[in-house]
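Single-structure report; data block below.
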Amino acid sequence: MISPLTLDALRTLDAIDRRRSFAAAADELFRVPSAVSYTINKLEEELGVALFDRSRRKAELTATGRLVLEQGRQILKATDELTALARQAADGWEVELRICVDSILTCDSAYDLIEAFQQLQPKTEIRLIEEVLGGSWDALNDNRCDLVIGAEGPPPAQGFALHSLGEVVFEFAVAAGHPLTKLPTPLPANAIQNYPTVIVADSSRHLPVRSAGLLDGRSRIIVPTIEHKIEVQTKGLGVGYLPRHRISRELAEGRLERVALDVPRRPIEISAAWARGNRGKGLKWFVDQLRSMSFDSDSGLLIPKANAAEKSPHKA
């Protein structure tokens, strides 16, 4: 059965209600009043209900008419949005853009990019997710995201494009007043064996899991994100390496203390990564922005490369 509630009928009903008369609605719709009356009369006849109370001087909706109008406006809105999305997709802009931020970073820089992107293309829906270690590559490889910011190490397969953002520097940190802070440094590896090591679990679903900064402690506390790792170590429940840029506040406030080990952990390179075959305009915009940025190991922010060069101690 074909519904009599066509888009034309709903638009006519909407115009009458907003303009408060059949004649004014006809002007808005560029029709003669008789055509508007015919559309409504035909709709009422096919529905078998009265949409307007004709006992009054002005056109007023009945309770049923008001129900049809309110629900119909939602249909009109959804139709307009679908039309806009179809035109947007045809023009090369994504309907949805999925961005993965690796847990080693905060989302601050991603928020700044998203804010700028919304000014350019507000109709594209942004979906933001967080993954850990190999989970970022897994999300990209499994098509659960379009762009990774902060991917660690090399890609798991061919077909991915990368832009190096810089290096993350790590500090071995413990809670203020921890027994390890009373020992002479640098500490040998066996000095930490009596204390649990805090480990962030790899979120990969299909690719082999990766590990980083594992210490030969007696036991481990496994947490889901870097944020949880910082909290656990600040509470003194365990020890381990943390990204320098993520603990600047805790160090400044004296809640965490650096402890030097005789074998420090090397920095790791992080990148932006995406599938080479993805030609979306939204992805290209984000990639172009990221290509002009580099990672600041102290603040953790993605900053213009010119600013990063000015901060470099090796600048000529």
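The values are calculated or read from the model by the stated rules, or taken from the named source; none is laboratory data. Just so it is clear, the structure is predicted and the values come from calculations on it, not from any experiment. In this analysis, Cβ positions are derived from the backbone assuming ideal geometry, glycine residues included, and neighbour counts consider all displayed protein chains. When the accessible area is computed, the model is the full protein with side chains, heavy atoms only, and any ligands, DNA or RNA have been set aside. Shrake-Rupley method; radii C 1.70, N 1.55, O 1.52, S 1.80 Å.
Numbers for the structure displayed
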{"item": "Residue-averaged 222 nm ellipticity for the chain, from DSSP H runs of 4+ at -39500 (n - 2.57), nearest 500", "result": "-11500 deg cm²/dmol"}
{"item": "Exposure of R20 as accessible area (Å², to 10), given a probe of 1.4 Å and all protein chains", "result": "120 Å²"}
{"item": "Partnerless Cys - the chain, beta-carbon criterion under 4.7 Å", "result": "C107"}
{"item": "Relative contact order, percent, the stretch 226-311 [alpha-carbon distance under 8 Å, six or more residues apart]", "result": "24 percent"}
{"item": "Rounded, prolate or oblate (a/c below 1.5 giving rounded, otherwise prolate when a/b exceeds b/c) for the stretch 88-140 by Cα gyration tensor", "result": "oblate"}
{"item": "Restraint check, K77/K123; K123/K284; K77/K284, Cα-Cα greater than 21 Å", "result": "K77/K284"}
{"item": "Over the stretch 136-281, volume per residue of the alpha carbon convex hull, in Å³", "result": "121 Å³"}
{"item": "Compactness index (Cα Rg / 2.2 N^0.38 Å), the stretch 118-197", "result": "1.70"}
{"item": "Between helix 63-90 and the chain: long-axis angle, C-alpha atoms, 0 to 90°, nearest 10", "result": "50 degrees"}
{"item": "Largest-first principal axis extents, alpha carbons of the chain, Å", "result": "95, 42, 37"}
{"item": "Computed over the stretch 224-264, the ratio Rg/Rh where both radii use C-alpha atoms and Rh is Kirkwood", "result": "0.94"}
{"item": "Share of carbon and sulfur in the accessible heavy-atom surface of the chain [1.4 Å probe, %]", "result": "52 percent"}
{"item": "Other-chain or far-sequence residues with amide H under 5 Å of S294's (modelled H)", "result": "I303, K305"}
{"item": "Positive-end residue of L162, I114, I192, charge dipole of the chain with Cβ unit charges", "result": "I114"}
{"item": "Long-range amide H partners of L261 with built H, under 5 Å", "result": "L187"}
{"item": "Between helix 281-291 and the chain: long-axis angle, C-alpha atoms, 0 to 90°, nearest 10", "result": "30 degrees"}
{"item": "Bridge type composition, the chain - antiparallel percent by DSSP, nearest 5", "result": "60 percent"}
{"item": "Signed unit charges on C-beta, dipole axis of the chain, positive-most listed residue A201, G236, I16", "result": "I16"}
{"item": "Cα long-axis angle, helix 108-120 against the chain (0 to 90 degrees, to the nearest 10)", "result": "30 degrees"}
{"item": "Average accessible surface area per residue within the stretch 104-185, 1.4 Å rolling probe, Å²", "result": "44 Å²"}
